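Here the structure is laid out as structure tokens; the discussion comes afterwards.
The values are calculated or read from the model by the stated rules, or taken from the named source; none is laboratory data. Everything numeric here is computed off the predicted structure, so don't read it as measured data. Don't worry about glycine lacking a Cβ; one is built from the backbone with ideal geometry, like all the others, and counts go over all protein chains shown. What goes into the accessible areas is simple: the full protein's heavy atoms, side chains included, and nothing from ligands, DNA or RNA. Shrake-Rupley method; radii C 1.70, N 1.55, O 1.52, S 1.80 Å.
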Amino acid sequence: MLQIFPDSESIAEFVSRRLVEKIRAKPDAVLGLATGGTMEPIYAGFVDIAHEMRVDVTRVTSFNLDEYVGVGPDHPKSYAAYMHEHLFTHLSFDRERLHLPDGLASNLETHSREYSDKVLKSGGIDLQLLGVGSNGHIGFNEPGTSFDSRCHVVRLSERTRKDNSRFFEGNAIVPESAITMGIYEIMQAREILLVATGESKAEIVAEWYRREVTEAVPFTVLKRHTRARVLLDAAAASRLPSAVRGAFSAVAISGLPISASA
Ligand code: GLP
């Protein structure tokens, strides 16, 4: 299902309200969380609305999608630091329930297996947030990753490292590898909201729309999920056929329409 919004602020409001609805309906909800520039206004919006509506997040569990290898939570560019800065420190989360892959784990393969088990044993993710890379990656599942993949270590493509270099100032080097939840765990989530904003995502969004489900464009897998929504702002939607853009309000192009119930 595709929904096109005028701007990133209206997407942030929509996603924030969906998060609140979910937590209100299920106070011990399990959230799958993403990082990246796209998510910043979403977490800011959610923090505001959660304060305003006095949402109790103390029983919420979260699993982040990914983390750079060789980067610990004290590294300013780690995804752990990102999550603390944009979300975790602003609300009364129980720190024990917040999970991220450990980029410093001594045995990354064992750690990946354990992280995958933890996600699945938590009862599964109720609501998964996703951004998308300009090459169609989700989490750090680069083009060509098997849809059966579980949490694993990945060598980042040059394109992804270049895209993400904007977050690493000066001469800081973007790590060459990362741990990411696999497509399998992502697709097990009961509901998925993928957000793409800005002109830089317009080309891959158009490709997603044009193509059948293919491992060459990882986020096409969402067309197989019955409760996945792709939320675009006008810029990210700008290269879609005009008829699709015209019918922007909740055009169902894949999966089934989502019921309003939490
Ligand atoms: C990184 C993350 C992805 C994210 C993507 C897009 O590569 N691993 O989870 O979706 O960046 O980031 P941005 O929102 O900054 O464009």
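Applying the selection to the range 163-196, what residues are away from the ligand (no atom under 13 Å from the Cβ) and over 24 Å from Thr110 (Cα atoms)? Listed by number, the residues that qualify are Glu169, Gly170, Asn171, Ala172, Ile173, Arg190, Glu191.
Report, by residue number, each residue of the range 128-162 that is of a type in the set (Phe, Trp, Tyr) and out of contact with any Leu (no Cβ under 8 Å at 6 or more places or on another chain). Of everything in the range 128-162, just one residue is of a type in the set (Phe, Trp, Tyr) and out of contact with any Leu (no Cβ under 8 Å at 6 or more places or on another chain), namely Phe147.
Of all residues in the range 125-141, none are open to solvent by 60 Å² or more (accessible area, probe 1.4 Å), touching a Phe, Trp or Tyr at 6+ places or on another chain (Cβ under 6 Å) and in a loop (DSSP other than H, G, I, E, B).
Kindly provide the set of residues from the range 151-162 that are in a loop (DSSP other than H, G, I, E, B) and either within 16 Å of the chain's Cα centre (by Cα) or near the ligand (Cβ under 9 Å from one of its atoms) (or both), ordered by number. Show your work before the answer.
Let us first name the residues in the range 151-162 that are in a loop (DSSP other than H, G, I, E, B), namely 151, 156-157.
Once the filter is applied, which keeps residues that are in a loop (DSSP other than H, G, I, E, B) and either within 16 Å of the chain's Cα centre (by Cα) or near the ligand (Cβ under 9 Å from one of its atoms) (or both), the range 151-162 yields Cys151, Leu156.
Taking first residues from the range 134-152 that are over 12 Å from Glu185 (Cα atoms) and partners that are buried (at least 20 other Cβ atoms within 10 Å of the Cβ) and of a type in the set (Phe, Trp, Tyr), the Cβ contacts under 9 Å between residues at least 6 apart in sequence or on separate chains come to Gly136/Trp208; Gly136/Phe219; His137/Phe219; Phe140/Tyr68.
The residues of the range 202-252 that are in a helix (DSSP H, G or I), open to solvent by 50 Å² or more (accessible area, probe 1.4 Å) and of a type outside the set (Ser, Thr, Tyr), listed by number, are Glu203, Arg210, Arg224, Ala243, Arg245, Gly246.
Out of the range 44-89, which residues are in a helix (DSSP H, G or I), aromatic (Phe, Trp, Tyr) and within 24 Å of Ile183 (Cβ to Cβ)? Reasoning before the result, please.
In the first step, residues of the range 44-89 are kept if they are in a helix (DSSP H, G or I); the result is 44-52, 79-86, 88-89.
Keeping just the survivors that are aromatic (Phe, Trp, Tyr) gives 46, 79, 82, 88.
Result: Tyr79, Tyr82.
Of the set (1) open to solvent by 40 Å² or more (accessible area, probe 1.4 Å); (2) within 16 Å of the ligand (Cβ to nearest atom); (3) small (Gly, Ala, Ser); (4) over 20 Å from Val221 (Cα atoms), all apply to Gly144 but (4). Considering only the range 127-140, I want to know if a residue exists there that is of a type in the set (Gly, Ala, Ser), within 15 Å of the chain's Cα centre (by Cα) and at positive phi. Within the range 127-140, one or more residues are of a type in the set (Gly, Ala, Ser), within 15 Å of the chain's Cα centre (by Cα) and at positive phi.
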